[in-house]
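To keep things clear, I will list the structure first and then write my remarks on it.
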Amino acid sequence: MKLAKLLLLASLVAAACAQAPASKEIEAVYPDARALYVDLHQNPELSSHETQTAAKLASRLRGLGYEVTEHVGGTGIVAILKNDGGKNGAGSTVMLRTELDALPVEEKTGLAYASKVRAKDDAGHDVPVMHACGHDLHMASILGTAEIMAHSKDTWHGTLMLIGQPAEETISGAKGMLDDGLLTRFPKPDVAVALHVGNLLPAGMVGITPGVLNTNADSLRITIYGKGGHGSAPHTAIDPIVIAARTILALQTIASREVKPGELAVVTVGYIQAGTKNNIIPDQAELGLTVRTRKVEVRKQVLAAIARITKAEAEAAGAPRPPLIEQREATDLVYNDPALAQRLRGVLEAALGKENVVTEEAHTASEDFSYFVEQGIPGFYFSLGGADPGKFAEAKAAGTMLPSNHSSLFAPDVDPALRTGIAAEVAVLRNLLNGSAEELRKTIAAGPAAQSAP
Ligand code: ZN
Ligand code: ZN
């Protein structure tokens, strides 16, 4: 390697190292972040009902000097910290997002601070509530990060925009915030960043997926109409349960027989509801579907096939009217800007150690972070290891899996995961809030650099 190249590499590594927070910076904010985590974990709130959660986060951020606006798109919050750094406002604007919501899951982790909360869901049912997706850890991490950034203004300049987004689990919160003027009432970010904790990596590590991260998601509700009657006299009725059963099986042929092999298509019937009693043929049956795809044309093909098959099965059975197919929540896949992912990989490797940053395959979950990216904001969404490293190694050796997000047993190994989350966020923010907005846009527009052999 030539000397000039070596010097350039050394200076890049030094710059990236300088952006990693020192462990004393993390330890100074950690007790606060940890306390917020336990508080939020014990007091989870359902999607769109995150009033106490938002209020707690808002007041903590306001106390750190952030300009906080509440009730953005329902319970959403926007916290802004401008830091001119003597650069006359030439810095970039970077958004870091956390979700606020919890899930209707009964916690069975056995933790001392396990949730015992119950609440009414939107249908009026009394349900248990748990932070089973780890959004409490994301909020605690953002608080620690916010505190470090507020106390180290000599390490960055520009506009830091933290957002607390409601209702991620119902895929409505990001849209709600955008509809309420997130990008017009506040500075439009040059980059949007988010992380998600999970058990697919041990705590202490992070995972990066350049390009396509996950899948398009479409939720459908299908109502199949029949004709009710006595269970002993099926000839007088048209049984919607039998139509539903045939429909469910026929829907399985979309991915296996219609979509080109190799293209991603998932059609899952997540619930079927019909009937009340053994000897009554009900009037109707309801199916709930989730559909996951990657390509626009496959998404169209699968949704059209679902409609075609559902209608044809009803017609074949002589149903009195065609089924009702309602599109519920939908979201597009999340795309990680490849140039940004390449740049931030180096930053995270310097902050956490090269061995703690891995490339992950795209997965089939979904996320409404895509709504921000679709506004033309390049995004970087990475995963944060949450698994206890010992248990992770044991599970791997045994060929089993640790409880996933949304499980009643989901319990991240908080101390290493939260410290790593804060370290990763601070390093990423300091890197993105380092030069001018123009320089950042140029890096992104240029695309990822070709990897040259060492
Ligand atoms: Zn979730
Ligand atoms: Zn989540």
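The values are calculated or read from the model by the stated rules, or taken from the named source; none is laboratory data. Please read all numbers here as calculations on a predicted model, not as lab measurements. Ideal geometry is used to build each Cβ from the backbone, glycine not excepted, and the neighbour counts take in all protein chains shown. Just so you know, the surface numbers come from the protein's heavy atoms only, side chains and all, with ligands and any DNA or RNA stripped out. Shrake-Rupley method; radii C 1.70, N 1.55, O 1.52, S 1.80 Å.
The residues in the stretch 160-179 that are outside any helix (DSSP H, G or I) and open to solvent by 20 Å² or more (accessible area, probe 1.4 Å) can be counted, and the count is 4.
Sub-6 Å Cβ pairs linking a first residue in the stretch 273-286 that is modelled with pLDDT of 95 or more to a second residue that is open to solvent by 90 Å² or more (accessible area, probe 1.4 Å), at least 6 apart or interchain, are E286/Q273, ordered by first then second residue.
Okay, residues lined up against (1) outside the structural domain of K300 (by TED's automatic domain parsing); (2) surrounded by fewer than 17 Cβ atoms within 10 Å (Cβ to Cβ); (3) within 18 Å of R308 (Cα to Cα):
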residue: Y225; (1), (2), (3): no, no, yes
residue: H230; (1), (2), (3): no, yes, no
residue: A244; (1), (2), (3): no, no, yes
residue: L249; (1), (2), (3): no, yes, yes
residue: E258; (1), (2), (3): no, yes, yes
residue: A265; (1), (2), (3): no, no, yes
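Close contacts from the stretch 380-394, counting a first residue that is more than 12 Å from T359 (Cα to Cα) and a second that is of a type outside the set (S, T, N, Q) and open to solvent by 30 Å² or more (accessible area, probe 1.4 Å), with Cβ to Cβ under 6 Å and a gap of 6+ residues or different chains, come to G385/M205; A387/L402; D388/D413.
In the set V94, V68, which member is under 21 Å from G181 (Cα atoms), modelled with pLDDT of 95 or more, open to solvent by 10 Å² or more (accessible area, probe 1.4 Å) and of a type outside the set (D, E, K, R)?
Working: V94 fails: open to solvent by 10 Å² or more (accessible area, probe 1.4 Å).
Selected residue: V68, the only one of V94, V68 that is under 21 Å from G181 (Cα atoms), modelled with pLDDT of 95 or more, open to solvent by 10 Å² or more (accessible area, probe 1.4 Å) and of a type outside the set (D, E, K, R).
Residues of the stretch 397-408 being more than 12 Å from ligand 2 (Cβ to nearest atom) and either crowded, with 16+ Cβ neighbours inside 10 Å or under 19 Å from the mean Cα position of the chain (by Cα) (or both), which ones? Step through it out loud before you land on a result.
Residues of the stretch 397-408 more than 12 Å from ligand 2 (Cβ to nearest atom): 397-403, 407-408.
Answer for the stretch 397-408, where residues must be more than 12 Å from ligand 2 (Cβ to nearest atom) and either crowded, with 16+ Cβ neighbours inside 10 Å or under 19 Å from the mean Cα position of the chain (by Cα) (or both): L402, P403, S407, S408.
Let's see how each residue does on (1) within 25 Å of M177 (Cα to Cα); (2) part of a helix (DSSP H, G or I):
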{"site": "E25", "(1), (2)": "no, yes"}
{"site": "Y30", "(1), (2)": "no, yes"}
{"site": "V38", "(1), (2)": "no, yes"}
{"site": "H41", "(1), (2)": "yes, yes"}
{"site": "H49", "(1), (2)": "yes, no"}
{"site": "Q52", "(1), (2)": "yes, yes"}
{"site": "L61", "(1), (2)": "yes, yes"}
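Mind listing whichever residues of the stretch 267-278 are in contact with a strand residue (DSSP E or B) (Cβ under 9 Å, 6 or more places away or on another chain) and outside any strand (DSSP E or B)? Before you say what the answer is, go through the steps one by one.
Kept after step one, since they are in contact with a strand residue (DSSP E or B) (Cβ under 9 Å, 6 or more places away or on another chain), are these residues of the stretch 267-278: 267-275.
Once the filter is applied, which keeps residues that are in contact with a strand residue (DSSP E or B) (Cβ under 9 Å, 6 or more places away or on another chain) and outside any strand (DSSP E or B), the stretch 267-278 yields only G275.
Residues in the stretch 406-427 that are in contact with a strand residue (DSSP E or B) (Cβ under 6 Å, 6 or more places away or on another chain) and not in a loop (DSSP other than H, G, I, E, B): 3 in all. Here N214 meets each of (1) open to solvent by less than 10 Å² (accessible area, probe 1.4 Å); (2) in contact with a strand residue (DSSP E or B) (Cβ under 6 Å, 6 or more places away or on another chain); (3) in a loop (DSSP other than H, G, I, E, B) with one exception, condition (2).
Within the stretch 40-64, can you find the residues that are farther than 13 Å from I142 by Cβ, open to solvent by 50 Å² or more (accessible area, probe 1.4 Å) and touching a residue at least 12 places away in the same chain (Cβ under 8 Å)? First the steps, then the outcome.
The first filter runs over the stretch 40-64 and keeps only residues farther than 13 Å from I142 by Cβ, leaving 41-52, 55, 59, 62-63.
Within this subset, residues satisfying the condition of being open to solvent by 50 Å² or more (accessible area, probe 1.4 Å) are 42-43, 48-49, 51-52, 59, 62-63.
Once the filter is applied, which keeps residues that are farther than 13 Å from I142 by Cβ, open to solvent by 50 Å² or more (accessible area, probe 1.4 Å) and touching a residue at least 12 places away in the same chain (Cβ under 8 Å), the stretch 40-64 yields Q42, N43, S48, H49, T51, R62.
I need the full set of residues from the stretch 135-159 which are more than 15 Å from ligand 2 (Cβ to nearest atom), of a type in the set (G, A, S) and buried (at least 24 other Cβ atoms within 10 Å of the Cβ), in order please. Talk me through it step by step, then tell me what you get.
So the first thing to find is which residues in the stretch 135-159 are more than 15 Å from ligand 2 (Cβ to nearest atom), and the list is 143-159.
If we keep only those that are of a type in the set (G, A, S) as well, we get 144, 146, 150, 152, 158.
G144, A146, G158, listed by residue number.
Among the residues of the stretch 334-353, just one is open to solvent by 30 Å² or more (accessible area, probe 1.4 Å) and either of a type in the set (V, I, T) or under 13 Å from the mean Cα position of the chain (by Cα) (or both), namely Y335. Within the stretch 279-289, can one find any residue that is among the aliphatic types (A, V, I, L, M), open to solvent by 60 Å² or more (accessible area, probe 1.4 Å), more than 16 Å from ligand 2 (Cβ to nearest atom) and not in a helix (DSSP H, G or I)? Yes - at least one qualifying residue is present in the stretch 279-289. Regarding V94, is this residue in the same structural domain as L340 (by TED's automatic domain parsing) and touching a residue at least 60 places away in the same chain (Cβ under 8 Å)? In short, yes.
Okay, residues lined up against (1) open to solvent by less than 60 Å² (accessible area, probe 1.4 Å); (2) away from ligand 2 (no atom under 16 Å from the Cβ); (3) part of a strand (DSSP E or B):
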position: I306; (1), (2), (3): yes, yes, no
position: R321; (1), (2), (3): no, yes, no
position: E355; (1), (2), (3): no, yes, no
position: S366; (1), (2), (3): yes, no, no
position: Q375; (1), (2), (3): no, yes, no
position: G385; (1), (2), (3): yes, no, yes
position: A393; (1), (2), (3): yes, yes, no
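Selection over the stretch 110-134 of residues that are within 16 Å of ligand 1 (Cβ to nearest atom) and either in contact (Cβ under 8 Å) with a residue 60 or more places away in the chain or open to solvent by 50 Å² or more (accessible area, probe 1.4 Å) (or both) gives a count of 9. Any residue that is over 20 Å from the mean Cα position of the chain (by Cα), at pLDDT 95 or above and part of a strand (DSSP E or B) - is there at least one of those in the stretch 140-148? No, there is no match, as no residue in the stretch 140-148 is over 20 Å from the mean Cα position of the chain (by Cα), at pLDDT 95 or above and part of a strand (DSSP E or B).
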